[in-house]
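**Student:** Structure incoming, see below.
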Amino acid sequence: MPGRATAKLPAEAPLVPGAAVPAGACALRAEAPIIGNICCDGPWEIFCSIEGELRGTELTIAASASVVGRIVARDVTIRGRVRGTIRAVNVKLRGSAVVDGEIFHQTLLVEEDADFDGASRPLFSG
């Protein structure tokens, strides 16, 4: 059984050549699934499979990526697969997104082609 790890990823990590991420954003790619908890500062785009907790400020789960576990962030855009709980101020399920779980949010956008099976609940500020 693979060991569990916790990684803190700095915002100043280099961009992956050819990655379709916004200017100033960082990307996370891996050939094998990542098992453990990840904390990202700044805008990050995830292109791999993660099993564990993913925390950050601005997270994008690419169409080729998957997360099994919990996502906690200010802004989350999902284009890939997520099974678990999402807790964010702003959540966007775009295009090919497939989400199975609960979403806690202040704003939630679900595009026509996105698949959401679960419950959404508002986050209350204050």
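**Student:** For labels at GLU102 and VAL72 in the simple 7 Å Cα→Cβ model, what's the distance in nm?
**Tutor:** 1.4
**Student:** Using only the Cα atoms of the range 54-126, construct the convex hull and provide its projected area averaged over every direction, in square nanometres to one decimal.
**Tutor:** 4.1
**Student:** For the pair ARG83 and SER120, how long in nm is the line joining their label points, each one 7 Å along Cα→Cβ?
**Tutor:** So the two model labels end up 2.3 nm from each other.
**Student:** Between GLU112 and ILE35, what is the label-to-label distance in nm when each label sits 7 Å out along the Cα-to-Cβ direction?
**Tutor:** In this crude spin-label approximation the distance works out to 4.2 nm.
**Student:** Which whole-Hz couplings ³J(HN,Hα) result when phi for each residue of the range 96-101 is put into the Karplus expression 6.51 cos²θ - 1.76 cosθ + 1.60, θ = phi - 60°, listed in order with x for Gly and Pro?
**Tutor:** 8, 4, 10, 10, 10, x
Every number in this text was worked out from the coordinates using simple rules, so none of it is lab data. Model, not experiment: these values are computed from the prediction. Because the Cβ atoms are built from the backbone with ideal geometry, glycine has one as well, and the counts that use them run over all protein chains shown.
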